[in-house]
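Trainee: Handing you a structure now.
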Amino acid sequence: MDIANVLNMQREFFNSGNTRYTEYRLNALRKLKANIKRMEGDILEALYADLSKAGMEAYITEIGIVYDEINYMLRNTRRLSKPRYKLSPLSHMPSRLLEYKEPYGNVLIISPWNFPFLLTISPLVDALAAGNTAIVKPSAKAAHTKDIMQKLIESTFPKEYVYFVSGGREQNANLLDYHYDYIFFTGSKNFGKQVMKKAAEHLTPVTLELGGKSPCIIDKNCNMDIAIKRSMFGKLTNAGQVCVAPDYFLVHEDIAEEFISKCKARIQEIYTDDPLTCDYYPNIISKQEFDRILSLIDADKTVFGGKSDIKNLKIEPTLLYPVNLQDACMGMEIFGPIIPVIPYSNHEENLYTIAQNPTPLALYVFTEDKKVADYYIRKVRFGGGCINDTLMHVGTNKIGFGGVGQSGMGLYHGKYGFDTFTHKKGMVDTSTRFDMPVRYLPPSKWKKSILKRVLK
């Protein structure tokens, strides 16, 4: 169907007022959850076919978080949708202030291939909870998951409510030629720039969830065993194809050798001595990405791993040490299972290293010293992160998730997702029972005296 016709159809449906009713939205979310439950096995099979994501990892990082987001909206949409009353200042008496929640209208959601189910359905849940219609365009690279999502969406929603667009990158570019009321994009910085440029033609507001080189700092006063387990969890989930994965590791020089030794042991513990044959170790999404990641490996600095399987598009977890800013792996976001380790002697060195790349999407600090954690939180500009953990800030809807600067703009998850897809309409409701003459001309001394007391 032509996108112009879809937009007209969706705008007509939106203007009918159905999505303004919270019960309509909640029924839609209940139906979505029921159909995900019904198709859960097919979704897991599709994720394995695209990325070799095994059942446990796929459920935790894709389906489970979506259920949590739906459940949050089922519990909270009525509350979040209500007008909010605010205390009126003396200058506005006799009035009351209200903030009405209004859906934008039609939302375009463009999602990537690395978490194809989560990063498509989660923002869709937020958009629908807020009362919008949606056009959804996932990546074609995760083809099996794309196909199963198309079946899910088309069996759950009428096209005038949610419309699924198939196709590749060219289709993305064509979609951006049209006028939407809001655009939500997750993907690369380069394409994010195109989204923003096209949105500017129509003054369309956007959320951009991008990426960057997210540092992981291993302080000498850390719990090493915990740091190893949790940092490798963050780095190797989905074979490192995670926008908030630790990109590189800044490890204090006093513990660098211990860190590397224990990393090796942990990788072998998780994926056996041969990760390439481990059936729950994910593959790289494409030959193009496979070749790009391999080009970042310096054989002279490889202290563990380095082997690959081109047939199955798998690359071993690969430790590089000692790494510096001139190495190829520090010139771009890795988005793969390469683990660069940069030794440092003081925190100022780390600030310099981090500053050589644009604002990261995430930052992680492993330390038992609160002052060290606070130092990095205050000194480094980044989207969000964890102390003594990785990735976990993304898996809760109690705090907002999003980037800053080159890593993106806007927040979502939970209340923050609802607010992203909502226009807050401010209103002043003024009583007619009495009037405040002080604000009217002509001026007088007594009016001026009162105004100076109120507005000071």
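Trainee: Sorted by packing (mean other beta-carbon atoms within 10 Å per residue), highest first, where do 412-419, 320-327 land? Present the calculation step by step, with values, prior to reporting the outcome.
Mentor: Details: 412-419: 22.6, 320-327: 16.5.
Packing order, densest peptide first, comes out as 412-419, 320-327.
Trainee: How big, in percent, is the set of alpha carbon pairs in the range 215-395 lying more than 28 Å apart?
Mentor: 16 percent
Trainee: What number, in nm² with one decimal, is the all-direction average of the projected area of the convex hull of the alpha-carbon atoms of the chain?
Mentor: On the way: hull surface 105.7 nm².
Value for the chain: 26.4 nm².
Trainee: Report, in debye and to the nearest 20, how large the dipole of the range 139-291 comes out about its Cα centre when Lys and Arg carry +1 and Asp and Glu carry -1 on their Cβ.
Mentor: Working: 18 positive and 21 negative charges, 65 e Å.
Roughly 320 debye for the range 139-291.
Trainee: Along the charge dipole of the chain, Cβ charges K/R +1 and D/E -1, which of 185, 259, 343 sits furthest on the positive end?
Mentor: 185
Trainee: What is the local net charge at residue 225, summed over the other residues whose Cβ is closer than 10 Å to its Cβ (Lys, Arg +1; Asp, Glu -1)? Write out the running numbers ahead of the final one.
Mentor: Working: positive: 229, 230, 262, 266; negative: none.
Computed value for this residue: +4.
Trainee: So how far apart, in nm, are the two label points at residue 174 and residue 203 if each is 7 Å from Cα heading toward Cβ?
Mentor: With each label placed 7 Å out from Cα toward Cβ, I get 3.0 nm.
Trainee: Sticking with this one: Can you give the charge dipole size of the chain about its Cα centre, rounded to the nearest 20 debye, using +1 on the beta carbon of Lys and Arg and -1 on the beta carbon of Asp and Glu?
Mentor: Numbers: 58 positive and 50 negative charges, 664 e Å.
It works out to roughly 3180 debye.
Trainee: Quick one: work out the % antiparallel among DSSP beta bridges in the range 215-395, nearest 5. Let's see the in-between values first.
Mentor: Numbers: 4 of 22 bridges.
Taking every DSSP beta bridge within the range 215-395, about 20 percent pair in antiparallel fashion.
Trainee: Mind checking which of 168, 206, 237 is farthest towards the positive end of the range 161-305's charge dipole, using Cβ charges of +1 (Lys, Arg) and -1 (Asp, Glu) about the Cα centre?
Mentor: In the range 161-305, that residue is 206.
Trainee: Also, quick follow-up: Which order do the peptides 391-399, 101-109, 195-203 come out in when sorted by mean C-beta neighbours inside 10 angstrom, highest first? The partial results should precede the final answer.
Mentor: Working: 391-399: 16.9, 101-109: 22.2, 195-203: 14.3.
Descending packing order for the listed peptides: 101-109, 391-399, 195-203.
Trainee: How far apart, in nanometres, would the label points at residue 265 and residue 291 be if each is projected 7 angstrom from Cα along the Cα-to-Cβ direction?
Mentor: So the label points at residue 265 and residue 291 sit 4.0 nm apart.
Trainee: Any idea what the dipole of the range 215-395 comes to, in debye rounded to 20, about its Cα centre with Lys/Arg Cβ at +1 and Asp/Glu Cβ at -1? Don't jump to the answer; show the numbers that get you there.
Mentor: Numbers: 18 positive and 25 negative charges, 91 e Å.
Here the size comes out at about 440 debye.
Trainee: Another question, if that's okay. Output the 0 to 90 degree angle, nearest 10, between the alpha-carbon long axis of helix 118-129 and the longest principal axis computed from the alpha carbons of the chain.
Mentor: Helix 118-129 sits roughly 10 degrees off the main axis of the chain.
Trainee: Relative to the longest principal axis of the C-alpha atoms of the chain, give the angle of the C-alpha long axis of helix 445-454, reported between 0 and 90° and rounded to the nearest 10°.
Mentor: The angle comes out near 30 degrees.
Trainee: To the nearest 10 degrees, how steep is helix 3-15 against the longest Cα principal axis of the chain, on a 0 to 90 scale?
Mentor: Once rounded, one gets 50 degrees.
Trainee: Please figure out what share of the DSSP beta bridges in the chain is antiparallel and state it in percent, rounded to the nearest 5. Walk me through the numbers before you get to the answer.
Mentor: Values: 19 of 53 bridges.
Beta bridges within the chain, antiparallel portion: roughly 35 percent.
Trainee: Taking every DSSP beta bridge that has both residues in the range 67-187, what percent is antiparallel when rounded to the nearest 5? Can you show the working numbers first?
Mentor: On the way: 3 of 15 bridges.
The answer is about 20 percent antiparallel.
Trainee: Positive end of the charge dipole of the chain (Lys, Arg +1 and Asp, Glu -1 on Cβ, about the Cα centre): tell me which of 319, 396, 46 has its Cα farthest that way.
Mentor: The residue sitting farthest along the positive end of the dipole is 396.
Trainee: Ok, one more. Rounded to the nearest 500, what is the chain's calculated 222 nm mean residue ellipticity when only DSSP H runs of at least 4 contribute -39500 (n - 2.57) each, over all residues? Kindly include the intermediate steps, with their values, before the conclusion.
Mentor: Numbers: 16 runs with 183 residues, N = 456.
Computed mean residue ellipticity for the chain: -12500 deg cm²/dmol.
No value in this document is a laboratory result; all are computed from the given coordinates. Here the structure is a predicted model, which is why all the values come from computation and not from measurement. Quick reminder, even Gly has a Cβ in these numbers, built from the backbone with ideal geometry, and neighbours come from all protein chains shown.
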